[in-house]
Each structure stands twice: as C-alpha cells, then as structure tokens.
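**Q** Starting off with a structure, shown below.
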Amino acid sequence: MKPLWKTAPPAPTGTAFEPGSRHDVVIVGAGLTGLSTAVMLTRAGLDVAVLEAGEIAQLASGGNTGKLSLLQGQRLAEIRRHHPASLVQAYVDSNRAGMDWLTAFADGASVPYLLRTDHSYAQGPDGIESVNAQHRAAREAGLATRLLDLDERRRMPVPMSAAVALDRQVTIDPELITQALAAEFLAGGGTLHTGIRVTGARVLGDPHVRTAHGPVFAAHIVLATGSAILDRGLYFSKTSGMRSYCVSFRVPGEVPAETFLSVDGPTRSIRPVSVGDGPADMAQLIVGGNGHPVGRSDGETAAIDDLVAWTQEHFPGAVETHRWSAQDYQSHNQIPFVGSLPRGLGRIRVATGYAKWGLSNAPAAALRLTSEILGEKWSERPRWMTRIGTRLTQPADLAKGAQEGLKVGAAATKGWVDAERTAVPVPRPAEGEGVVANRAGLPVGVSTVGGVTRAVDAVCPHLGGVLTWNDAECSWDCPLHASRFAPDGTRIEGPALSDLKALPREGSR
C-alpha cells in the first residue's frame with residue numbers, strides 16, 4: 001500500500017554512516033518533526049546529524065492527507081472539555097506558529113500549496129452538539145469560524161446536519177515538503193543517515209545514541225520517532241497508537257474545492273488534490289477515516305473497502321487509484337508531549353502525541369525543541385510555549401489513562417487466551433493471511449506473503465503482547481502499545497526496538 005504522494009522514486013538518502021562521529025545534536029527520525037528541528041538548528045549554526053531507520057518521511061509524515069488546519073475536526077472541543085480556555089488558546093497558538101513556519105518555509109523552497117476552507121461537520125443529528133462545541137471552543141481561542149446555514153450545507157458534497165467552517169487553511173504535498181526540508185538541511189551542512197536504526201541512548205559519561213553500526217555522539221539527542229523509542233517517562237503508556245486509512249480516487253467532473261472532517265462516526269475526511277497541492281496530473285479526491293487502535297480491529301481491509309464503498313456512493317464514478325494507512329499517537333491529556341525526557345539529564349528530548357495533526361504540531365514542536373536546545377530563557381519564549389510546558393495533569397487525563405490501561409490489559413489477556421486455542425501445526429495461510437497459533441506454550445505467528453510462508457515469534461519484544469495480523473498491510477501489530485513488524489519479523493515502528501525472532505516453519509502444513 002503506497003500513498004499517493006510516494007509515486008516518484010525516493011530522493012538521495014544523504015551521507016555514508018560514520019560510527020563514532022560527533023555532533024552538537026543527533027536527531028532520531030527523518031519525518032516532519034526531525035527535519036524541521038534539524039533545519040532550525042542548522043540555521044542557528046549547530047552541527048546536526050539525523051538518523052533514520054528507513055527513508056525520509058517513511059511512516060506518518062509521508063502517509064498523511066496533507067491537510068494543515070487549525071480547526072482539526074473536534075479537537076479543540078475535546079481539549080476544552082477537560083482543560084481551561086488558556087490551554088486551548090496555547091494549543092491553537094502553537095499550531096498557528098507551526099503553520100506559519102511551515103508555509104514560510106514552503107514559500108522559500110518553492111513548494112506549492114493551496115489555501116482552502118476547512119469544515120468540521122456532523123453526518124447526523126447526534127453530531128450537531130459536537131459541531132457547536134467545536135465552534136465555541138474555536139471562537140474562544142480567537143479563530144474566525146462560522147456555522148453554515150441550511151442552504152450552505154445543501155450545497156456541500158455530502159449530507160450534513162451541521163457544519164463549522166474556517167477559511168484560509170492549507171493543503172500541501174507532505175512528501176514534497178519533507179523532501180524540501182531534507183534538501184535544505186543537507187545544503188546547510190547537515191548530516192543525514194538513512195537505513196540506520198537507533199536502538200538506545202546513553203547520557204552518562206559521553207552522551208550518544210546506539211546503532212547496530214556503532215555509536216554517534218552528541219551533546220543533545222532528540223527522539224522524533226512518533227512513539228518514543230526509550231521507555232523513560234513511560235510515554236508508551238501516556239499515548240495511544242491509532243491507525244487510520246486513506247484512499248485516493250479519480251472523480252469524473254469537478255472535485256470539491258474545500259476540505260471536510262466529520263465529528264461523528266464513522267469518521268470521514270475529504271481532501272481534494274490538484275497540481276497546486278499534490279502530484280496529481282488531474283484532479284483527485286482523498287477520502288480517509290475508519291481509524292482504530294493499532295492491533296484492535298475487526299479487519300483492516302474491510303475498513304478500507306468501507307471507505308471505497310462510501311465514496312462511490314457519494315461520488316458516483318469514483319475510481320480508486322491508491323490506498324494506504326498511517327499511524328499516529330494521541331496523548332491521554334489531549335496535548336502533545338514535547339520537551340526533556342525524564343532521567344535524560346536535560347540531554348534527551350522527545351516529541352509525540354500529535355493526534356494526526358502533525359503538519360502543524362511537528363513544526364510547533366520543532367520550534368520548542370530548538371528554543372530549549374539553544375538555551376533560550378523562559379521569559380524569551382512565546383507565551384504558548386510556557387503555557388503548554390507548565391500545564392498540570394487533570395483528573396480527566398488520569399481517568400482516560402486508566403481506561404486505556406484497562407483496554408491494554410484486556411487486549412493482553414485476549415491475545416494469550418486466543419493463542420492457546422489453536423495449536424501447531426496449522427494449515428498454510430492463504431496469500432496475504434496470517435494466523436497466531438501455540439507451540440509449546442508460546443504464540444507463533446505464521447503468514448504467507450508474496451508466496452513465502454514464514455513463522456515468527458508472535459510476542460512483542462516490548463512488553464509481551466501477543467501480536468495480531470493486519471490483513472491490509474500484511475504486518476504483525478501489537479494491540480498493547482502499537483509496535484508493528486513485517487512478515488519476516490523486521491521491526492517497522494513503535495516502542496519495540498528489536499525484531500521478532502524468525503522460527504522454523506513447523507507451524508504450518
């Protein structure tokens with residue numbers, strides 16, 4: 001499954017790895033957060049190295065819809081429900097700062113983008129109050145939102161019971177902007193290593209990150225990896241990993257000129273694509289939604305097929321061109337975690353919990369990380385930085401964390417119980433299918449992909465969750481904390497740091 005944005009061959013990967021090299025800052029992850037931070041620090045004169053396990057924008061940064069909006073569905077109302085207006089204001093201001101920085105960078109790098117009106121809308125009457133709450137929270141935070149009247153809603157491309165709109169939001173090609181960030185970083189003297197997986201970090205003595213190819217030393221370390229790859233601070237338990245799906249279509253006639261995101265379920269996101277904000281040689285439409293916690297789904301392929309059916313119902317003649325999914329993390333207290341990692345002695349920093357709004361939250365996080373690394377005083381920083389950086393945990397945050405903890409515990413128990421029910425040997429899975437069975441008391445994952453049947457240890461090396469098979473992406477996914485692995489056991493993403501152990505094919509017949 002390849003995103004619409006990744007139709008061209010990948011750009012140059014950077015420089016050859018030099019074990020033992022020394023830099024001012026090492027950044028782990030070459031997505032929007034890592035590369036925005038790298039560009040800012042390089043502009044400030046620091047020696048920066050970026051290490052990436054895959055390619056540039058390999059995961060979330062290259063798999064989003066390219067919508068950059070301050071409206072963000074019902075996000076502002078969700079934050080306001082449990083937090084004071086001042087924190088919602090700080091969140092909006094941080095995202096505005098991120099948007100302003102990214103669009104200014106795009107202007108300087110000649111990366112095209114378009115300004116469109118974004119909408120949060122209700123598909124049915126049950127979502128009307130959510131739209132109204134979003135409008136109230138947005139207006140309270142200074143956004144010039146407006147509610148659509150009946151005549152305006154009737155002109156919209158899909159049925160709406162209510163809708164709130166915000167003008168002059170942005171659509172952009174996420175792959176193109178990320179590649180432009182990498183190009184400036186390299187041109188400014190930065191060091192970029194792709195295909196190098198970081199497996200740990202040490203701050204005592206001579207601070208460095210560890211890789212299979214040797215260490216890299218730096219005074220400051222930034223983890224821009226989606227989920228923090230170090231367990232210090234227990235961020236894996238303070239965030240939830242979510243997968244959501246996108247399908248692009250060629251649509252006869254005109255596509256909508258505006259963007260839309262439903263506030264009620266099942267989630268529907270609508271984003272037009274043109275030559276001004278994407279790689280299309282003709283108008284296309286991206287429809288996304290049907291998100292779910294990683295590893296906890298009734299069927300990933302079914303979720304995508306549902307998006308296709310919905311689109312063809314509302315846009316007759318729509319023809320699918322690409323389908324893909326992406327993973328993002330939402331913090332239990334609704335606000336991204338950005339800043340120093342506990343027990344990191346002020347040398348390791350992290351950014352996570354964007355809740356699918358990385359195009360604005362990533363550069364906002366980069367602004368804060370850069371300010372901290374450069375040693376700017378709190379009094380010199382924008383007010384939104386200090387407000388977010390000094391927020392207090394609310395009872396609702398603890399309650400949500402507790403609820404997620406119960407779900408994780410239930411998923412852990414279910415995985416082990418289900419594995420006990422099926423013993424090896426099992427029938428050889430059909431192409432694209434996988435099954436978890438029990439061998440001598442241990443779960444084994446058996447799958448067939450590309451005509452090759454493989455068996456791997458089906459226990460996540462992070463905290464022992466039994467993996468589930470993702471039938472859309474042919475991956476083993478952990479329902480506990482969202483680690484993912486390829487059919488051969490190679491780690492893809494998440495808090496797990498090691499691959500799955502490959503096993504002999506005794507598990508199928």
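Quick grid of which residues meet (1) modelled with pLDDT of 95 or more; (2) more than 19 Å from Lys67 (Cα to Cα); (3) not in a helix (DSSP H, G or I):
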{"site": "Asn95", "(1), (2), (3)": "yes, no, no"}
{"site": "Leu102", "(1), (2), (3)": "yes, no, no"}
{"site": "His119", "(1), (2), (3)": "yes, no, yes"}
{"site": "Ile128", "(1), (2), (3)": "yes, yes, no"}
{"site": "Asn132", "(1), (2), (3)": "yes, yes, no"}
{"site": "Gly142", "(1), (2), (3)": "yes, yes, yes"}
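**Q** Across the stretch 337-387, what is the total count of residues that are more than 27 Å from Asp206 (Cα to Cα) and buried (at least 21 other Cβ atoms within 10 Å of the Cβ)?
**A** Looking only at that region, the number is 14.
**Q** Give just the number: which of (1) within 11 Å of Ala141 (Cβ to Cβ); (2) open to solvent by less than 10 Å² (accessible area, probe 1.4 Å) does Ala85 not satisfy?
**A** With respect to (1) within 11 Å of Ala141 (Cβ to Cβ); (2) open to solvent by less than 10 Å² (accessible area, probe 1.4 Å), Ala85 is out only on (2).
**Q** Being under 21 Å from Asp328 (Cα atoms) and either open to solvent by 40 Å² or more (accessible area, probe 1.4 Å) or in contact with a Lys or Arg (Cβ under 6 Å, 6 or more places away or on another chain) (or both) is the filter; apply it to the stretch 180-232 and report the residue that is modelled with the lowest pLDDT.
**A** Among them, the one singled out is Arg232.
**Q** Next up: Quick test of your reading of the structure: Gln327 fulfils all but one of (1) open to solvent by less than 20 Å² (accessible area, probe 1.4 Å); (2) in a strand (DSSP E or B); (3) modelled with pLDDT of 95 or more. Name the failing condition by number.
**A** For Gln327, the failing item is (3).
**Q** Just name the residue that is surrounded by the most Cβ atoms within 10 Å (Cβ to Cβ) out of those in the stretch 421-467 that are touching a Cys at 6+ places or on another chain (Cβ under 8 Å) and in a strand (DSSP E or B). It would help to see each step written out before you state the result.
**A** So in the stretch 421-467, the residues touching a Cys at 6+ places or on another chain (Cβ under 8 Å) come out as 432, 434, 447, 449, 460, 462, 465-467.
Next cut, in a strand (DSSP E or B) only: 434, 447, 449, 466.
Values: Gly434: 24, Ser447: 28, Val449: 17, Val466: 26.
Applying the filter and picking the extreme gives Ser447.
**Q** Something else about it: Sort through Lys2, Lys6 and tell me the only one that's buried (at least 17 other Cβ atoms within 10 Å of the Cβ), out of contact with any Ser or Thr (no Cβ under 9 Å at 6 or more places or on another chain) and over 24 Å from Arg210 (Cα atoms).
**A** The match here is Lys6.
**Q** What is the residue count in the stretch 104-117 for residues that are over 17 Å from Gln72 (Cβ atoms) and either among the hydrophobic types (A, V, I, L, M, F, W, C) or in a loop (DSSP other than H, G, I, E, B) (or both)?
**A** Counting residues in the stretch 104-117 that are over 17 Å from Gln72 (Cβ atoms) and either among the hydrophobic types (A, V, I, L, M, F, W, C) or in a loop (DSSP other than H, G, I, E, B) (or both) gives 8.
**Q** Output the residues belonging to the stretch 447-488 that are of a type outside the set (Lys, Arg) and more than 28 Å from the chain's Cα centre (by Cα).
**A** Gly451, Val452, Thr453, Ala455
**Q** Considering each residue of the stretch 171-206, count those that are of a type in the set (D, E, K, R) and within 12 Å of Ala30 (Cα to Cα), and give that number.
**A** At the first step, the residues of the stretch 171-206 found to be of a type in the set (D, E, K, R) are 173, 175, 184, 197, 202, 206.
Then keep just the ones that are within 12 Å of Ala30 (Cα to Cα); that gives 175, 197.
Total satisfying the criteria: 2.
**Q** Hey, can you tell me all the residues within the stretch 317-352 that are in contact with a helix residue (DSSP H, G or I) (Cβ under 9 Å, 6 or more places away or on another chain) and at positive phi?
**A** Answer for the stretch 317-352, where residues must be in contact with a helix residue (DSSP H, G or I) (Cβ under 9 Å, 6 or more places away or on another chain) and at positive phi: Gln334, Gly339, Gly346.
**Q** Search the stretch 42-56 for residues that are more than 29 Å from Gly494 (Cβ to Cβ) and modelled with pLDDT of 95 or more and pair each with any residue that is of a type in the set (Gly, Ala, Ser) and in a strand (DSSP E or B) when their beta-carbon atoms are under 9 Å apart and the residues are at least 6 apart or on different chains.
**A** Listed by first residue and then by second, the contacts come to Asp47/Ala218.
**Q** I need the full set of residues from the stretch 239-255 which are more than 22 Å from Ile27 (Cα to Cα), of a type outside the set (A, V, I, L, M) and surrounded by 20 or more Cβ atoms within 10 Å (Cβ to Cβ), in order please.
**A** Matches in the stretch 239-255: Ser240, Arg243, Ser244, Tyr245, Cys246, Ser248, Phe249.
**Q** Using the structure shown, decide if Ala402 is more than 17 Å from Gly489 (Cα to Cα) and either modelled with pLDDT of 90 or more or open to solvent by 40 Å² or more (accessible area, probe 1.4 Å) (or both).
**A** yes
The values are calculated or read from the model by the stated rules, or taken from the named source; none is laboratory data. As the structure is a computational prediction, the values presented were derived from the model and not from experiment. Because the Cβ atoms are built from the backbone with ideal geometry, glycine has one as well, and the counts that use them run over all protein chains shown. The area values use the complete protein model at the heavy-atom level, side chains included, leaving out ligands, DNA and RNA. Shrake-Rupley method; radii C 1.70, N 1.55, O 1.52, S 1.80 Å.
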